[in-house]
Structure formats: C-alpha cells, structure tokens
Amino acid sequence: YFHRSLNWEKLFDVGFSPLPKGSTKQRQIIKFRLPTSTSTHGLRLMVKKDIPAVLDLLKRYLERFQVAQVFTEEEVTHWLLHSSTLSPEQVVWSYVVESPEKKITDFFSFYRLESTALKSAKHTVIRAAYLFYYASETAFSSTSNQQSSHQSHRQDNTLLKKRLNELVKDAMILAKKEGFDVFNALTLLDNPLFLEE
C-alpha cells in the first residue's frame, strides 16, 4: 500500500504526514509539487461511447495476469463511468487516451475514499484518490519483436514502465485538480513498475 502526497501541507496539518528530520515544510511542499497540466496527448474524460473500446482493451490487458476480474460491458459502465443521473456525488473518475486515428490506446481510473480528520480544527476530511483499473496498448507493443521471449518481455516492461509512469503522473495531476489530498495505489497489476518513481 503506497501513498503519494498531493496536498502535503494539509496532510501535515491533520497529522497524516510527518515532517521528515532535516527538512522544512517549504521543502516538503516543493518536493510534492505537480505540474498544473497533463502531458499525455489525447487524454480526456471517458464517456459512454468509449465503453466497448475500454472493455476490449481492459480484457486483453487483464488476461496477462493469473487472477483478474472478467468484466462485462454492464460492469464497465457501472464501475468505471460516473453517471450524474444515478449519483450526484462523483465516486469514480475514468480517463481515456484517444489517438489521432480515434483509437483508445490507454485508460486509467481512480476512485474517491474520504476519511474524517479527527484531531484537526482546520480540516474535517482527507480526500484520498485510489488508483483503480487501467490498461495500455503499450503492454502489447513488442509482440512482433524478433528477440527471444525473455528479452522481449523485458523490453515490454521497459516500454510499459515508461508509459505507466506518464499515465499515473497525469492521474495524480487530475486528482489534485479535483481536490484530492493523497493518491494511493497497491502492489497489484503492473503497479510495481511505477510505485517507486
């Protein structure tokens, strides 16, 4: 279970994050600063028309793992697409990357989980964004490579690691814009490829 501060000063104020020895509040704020805009071209909110493409990409991506959810179109709609008619409060945010050829090449999502800040006069709640499902065509980009399967797998991981780091950075930027204080992820799926960075 890893977390990355989005609003370090608030997390410090409520007692969630300590001030490391030898550092200052200003250094910590600077350390966790994020750009104000995303860098992935074609990144946008997921909409209903994207569901078939997201389902196809997600199914193929999850088939790479020994244990994974098998989604239906209805489940993708329910779990990954916010509907203001069903719930005025947004719980999940999902984004796609659309190529110039109008193909969905990547998608990621995160969900909201709030905690009450018990010992703070200044803040009442900590807003945590949890990385949810994601998928990327980059995972399949070297399948036509002529190298051995071991070398090809290593190259796939190199490419995938780079792509996932880009996507998760953008996910954190978007979560910060939505007012989240911390971004969380577990050691599952391909998360170990980007958690440390």
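Below are the figures for this structure:
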{"item": "Residues located in region 70-98, provided they are open to solvent by 20 Å² or more (accessible area, probe 1.4 Å), hydroxyl-bearing (Ser, Thr, Tyr) and in contact with a helix residue (DSSP H, G or I) (Cβ under 9 Å, 6 or more places away or on another chain)", "result": "Thr72, Thr77, Ser83"}
{"item": "Test: residue in region 40-63 that is farther than 22 Å from Leu160 by Cα and touching a Leu at 6+ places or on another chain (Cβ under 6 Å)", "result": "no"}
{"item": "Scan of region 165-183 for residues that are open to solvent by 40 Å² or more (accessible area, probe 1.4 Å) and either of a type in the set (Val, Ile, Thr) or in a helix (DSSP H, G or I) (or both), ordered by number", "result": "Glu166, Lys169, Lys176, Lys177"}
{"item": "Within region 1-21, tally of residues that are part of a helix (DSSP H, G or I) and either among the aromatic types (Phe, Trp, Tyr) or surrounded by fewer than 18 Cβ atoms within 10 Å (Cβ to Cβ) (or both)", "result": "4"}
{"item": "Test set (1) of a type outside the set (Asp, Glu); (2) at pLDDT below 95; (3) in a loop (DSSP other than H, G, I, E, B) - Pro100 fails condition number", "result": "(2)"}
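Yes/no per residue for (1) aromatic (Phe, Trp, Tyr); (2) crowded, with 19+ Cβ neighbours inside 10 Å; (3) free of Cβ contacts under 8 Å to residues at least 40 places away in the same chain:
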| position | (1), (2), (3) |
| --- | --- |
| Lys49 | no, no, yes |
| Ser120 | no, no, no |
| Ile126 | no, yes, no |
| Tyr134 | yes, yes, no |
| Ser141 | no, no, yes |
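The values are calculated or read from the model by the stated rules, or taken from the named source; none is laboratory data. A quick note: this is a predicted structure, and the numbers were derived from the prediction, not measured. Because the Cβ atoms are built from the backbone with ideal geometry, glycine has one as well, and the counts that use them run over all protein chains shown. Remember, those area values only see protein heavy atoms, side chains included, never the ligands or the DNA or RNA. Shrake-Rupley method; radii C 1.70, N 1.55, O 1.52, S 1.80 Å.
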